[in-house]
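Trainee: Structure provided below as structure tokens; questions to follow.
The values are calculated or read from the model by the stated rules, or taken from the named source; none is laboratory data. The structure presented is a predicted model; accordingly, all values stated were derived computationally and were not measured. Glycine gets a Cβ as well: all are built from the backbone with ideal geometry, and neighbour counts include every protein chain shown.
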């Protein structure tokens, strides 16, 4: 049963006070909200809107964005309770260690390594594409050999590597420096998003909203490993438009919100986590939900949903309206937006790595904190180099959905863990309490399962393969070097 021995909340908090492993508490509520907004607003707002409106929901895509925000909001309430009660770096990994035990915590930590490292690499590749396009529009064309990885017409993606290494350097310099850089870049991209919304209002045609919810129609089923798991298990055919199309679209637009949970990894660096963590998590989600809904309403009003571009719907909608200059502004917003996404993903990744190392499940030298900057510099550098290598040399398109299933799995486990901790430790002081427990966690679990069932079978198979590798590493290294196991053995 030592595999399921829990690490008490008191032990986790006591670890944060060790001088050689103490992170600096430099972040306030506003910093955390900006971090959340910075990681959520990415390619989703610039790309996903057109794809989902055209193929799934029509003008009612805004309803899908709002419903997806509700699903995320249920998980966010659970994260807010946990991160304010257990203000320790590591997010879902730390929460699982306190409730489910060491082996489940390792699996969640291993899952987060997959989610965050791969996401940082995928987003940096997207940034490279936007940056190359922007430079091209300014008359500076980069050769394909240095903007594409092998297998996609190139040799190495140099811009993606440079971005990841630059962001890694900023993170090593300190979380406050990172938050200031993030605040400036987030301000730029929010300005661009608001400009798109306000300018787009002048080109809306009422006829484009009719019908707001187009009639439902069946779509061709996908066969084999590419079919959604829901279709494989239950024979449910995918549907476009109508209310079923709106619900199907949730599984896609949900991914636009992925990243708000990164805020929870910074709990150990918040000045007043009991107050600031709930504000950071719920505030960033509310702001981005409003922006996503507004952008989607504007773009389907500017251009009929059946004519929307799937690659660059906002830019092409303005081109169709006779204002191509906005395409350049949108590209600037996208480049700025993706920069902060990479920064915050790597911040979250390094904190998870740091926590697992501090517990002995990964080599202990990774948990060293820089004496001057107060950051986990070794884990930051290691993960930065890995993400840079992935971004520069490996085609990642086929693996991008692994990010989604990893995130949903973490959401699901945290929702369950909140209920367990309420039962096992009702005495813990909780500055923020998720409402209507266990109803809210149960709804969060069901919402996450619904979205996961809409992912392809091949994504599930890859995810299970990654989990199997994680089990092997745990039993070869983590189990033998666990500090918790050593402490309990010593007590015995």
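Trainee: Just one of (1) touching a helix residue (DSSP H, G or I) at 6+ places or on another chain (Cβ under 8 Å); (2) closer than 30 Å to residue 187 by Cβ trips up residue 30, so point out which.
Mentor: Condition (1) is where residue 30 drops out.
Trainee: Checking the condition without any contact (Cβ under 8 Å) to a residue 12 or more places away in the chain and either part of a strand (DSSP E or B) or within 19 Å of residue 232 (Cα to Cα) (or both), which residue from 449, 464 passes?
Mentor: It is 464.
Trainee: Taking the residues in the stretch 215-224 that are outside any strand (DSSP E or B) and modelled with pLDDT of 75 or more as candidates, determine which candidate is nearest to the chain's Cα centre (by Cα).
Mentor: Top of the filtered list is 216.
Trainee: Follow-up. For the stretch 478-488, what are the residues that are in contact (Cβ under 8 Å) with a residue 40 or more places away in the chain and in a helix (DSSP H, G or I)?
Mentor: 478, 479, 481, 483, 484, 485, 486, 488
Let's see how each residue does on (1) under 29 Å from residue 317 (Cα atoms); (2) surrounded by fewer than 20 Cβ atoms within 10 Å (Cβ to Cβ); (3) touching a strand residue (DSSP E or B) at 6+ places or on another chain (Cβ under 8 Å):
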| position | (1), (2), (3) |
| --- | --- |
| 205 | yes, yes, no |
| 224 | no, yes, no |
| 229 | no, yes, yes |
| 237 | no, yes, yes |
| 281 | no, no, no |
| 304 | yes, yes, no |
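Trainee: Go through (1) on the phi < 0 side of the Ramachandran plot; (2) at pLDDT below 85; (3) under 19 Å from the mean Cα position of the chain (by Cα) and name the single condition residue 90 misses.
Mentor: Condition not satisfied by residue 90: (1).
Trainee: Take residue 408 and decide whether it is surrounded by 15 or more Cβ atoms within 10 Å (Cβ to Cβ), in contact with a strand residue (DSSP E or B) (Cβ under 7 Å, 6 or more places away or on another chain) and within 21 Å of residue 123 (Cα to Cα).
Mentor: So residue 408 fails the test.
Trainee: How about the stretch 155-173: which of its residues are in a loop (DSSP other than H, G, I, E, B) and buried (at least 19 other Cβ atoms within 10 Å of the Cβ)?
Mentor: Once the filter is applied, which keeps residues that are in a loop (DSSP other than H, G, I, E, B) and buried (at least 19 other Cβ atoms within 10 Å of the Cβ), the stretch 155-173 yields only 157.
Trainee: Test residue 378 against the stated conditions and say whether it is in contact (Cβ under 8 Å) with a residue 12 or more places away in the chain, over 20 Å from residue 406 (Cα atoms) and crowded, with 20+ Cβ neighbours inside 10 Å.
Mentor: Criteria met by residue 378.
For every residue, the table says whether it meets (1) on the phi > 0 side of the Ramachandran plot; (2) surrounded by 15 or more Cβ atoms within 10 Å (Cβ to Cβ); (3) outside any helix (DSSP H, G or I).
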| residue | (1), (2), (3) |
| --- | --- |
| 199 | no, yes, no |
| 202 | no, no, no |
| 213 | no, yes, yes |
| 250 | no, yes, no |
| 256 | no, yes, no |
| 263 | no, yes, no |
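Trainee: All but one of (1) under 26 Å from residue 437 (Cα atoms); (2) touching a strand residue (DSSP E or B) at 6+ places or on another chain (Cβ under 7 Å); (3) in a helix (DSSP H, G or I) hold for residue 97, so report the exception by its number.
Mentor: Tallying (1) under 26 Å from residue 437 (Cα atoms); (2) touching a strand residue (DSSP E or B) at 6+ places or on another chain (Cβ under 7 Å); (3) in a helix (DSSP H, G or I), residue 97 fails exactly one: (2).
Trainee: Looking at the stretch 431-438, can you tell me whether even one residue there is out of contact with any helix residue (DSSP H, G or I) (no Cβ under 9 Å at 6 or more places or on another chain), more than 30 Å from residue 456 (Cα to Cα) and either at pLDDT below 90 or crowded, with 17+ Cβ neighbours inside 10 Å (or both)?
Mentor: Scanning the stretch 431-438, I find no residue that is out of contact with any helix residue (DSSP H, G or I) (no Cβ under 9 Å at 6 or more places or on another chain), more than 30 Å from residue 456 (Cα to Cα) and either at pLDDT below 90 or crowded, with 17+ Cβ neighbours inside 10 Å (or both), so the answer is no.
Trainee: Out of curiosity, is residue 459 modelled with pLDDT under 90 and under 19 Å from residue 282 (Cβ atoms)?
Mentor: Considered against the rule, which asks whether it is modelled with pLDDT under 90 and under 19 Å from residue 282 (Cβ atoms), residue 459 comes out as no.
Trainee: Let me ask something additional. Scanning for something assigned to a helix (DSSP H, G or I), within 18 Å of residue 258 (Cβ to Cβ) and in contact (Cβ under 8 Å) with a residue 60 or more places away in the chain, does the stretch 132-151 turn up at least one residue?
Mentor: no
For (1) in contact with a helix residue (DSSP H, G or I) (Cβ under 9 Å, 6 or more places away or on another chain); (2) surrounded by fewer than 24 Cβ atoms within 10 Å (Cβ to Cβ); (3) touching a residue at least 12 places away in the same chain (Cβ under 8 Å); (4) within 20 Å of residue 379 (Cβ to Cβ), each residue gets a yes or a no:
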residue	(1), (2), (3), (4)
71	yes, yes, yes, no
82	yes, no, yes, no
87	yes, no, yes, yes
97	yes, no, yes, yes
105	yes, no, yes, yes
112	yes, no, yes, yes
116	yes, no, yes, yes
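Trainee: Looking only at the stretch 30-48, which residues are within 15 Å of residue 293 (Cα to Cα), in a helix (DSSP H, G or I) and modelled with pLDDT of 80 or more?
Mentor: Those that are within 15 Å of residue 293 (Cα to Cα), in a helix (DSSP H, G or I) and modelled with pLDDT of 80 or more: 37, 40.
Trainee: Quick check, is residue 267 surrounded by 20 or more Cβ atoms within 10 Å (Cβ to Cβ), closer than 30 Å to residue 79 by Cβ and at pLDDT below 80?
Mentor: yes
Trainee: Moving to a separate point now. Can you tell me which residue among 391, 417 is surrounded by 21 or more Cβ atoms within 10 Å (Cβ to Cβ) and farther than 30 Å from residue 165 by Cβ?
Mentor: 417
Trainee: All but one of (1) more than 20 Å from residue 68 (Cβ to Cβ); (2) more than 18 Å from the chain's Cα centre (by Cα); (3) assigned to a helix (DSSP H, G or I) hold for residue 387, so report the exception by its number.
Mentor: Evaluating residue 387 over (1) more than 20 Å from residue 68 (Cβ to Cβ); (2) more than 18 Å from the chain's Cα centre (by Cα); (3) assigned to a helix (DSSP H, G or I) leaves (2) as the failure.
Trainee: Would it be correct to say that residue 424 is modelled with pLDDT of 85 or more, surrounded by fewer than 24 Cβ atoms within 10 Å (Cβ to Cβ) and touching a helix residue (DSSP H, G or I) at 6+ places or on another chain (Cβ under 9 Å)?
Mentor: yes
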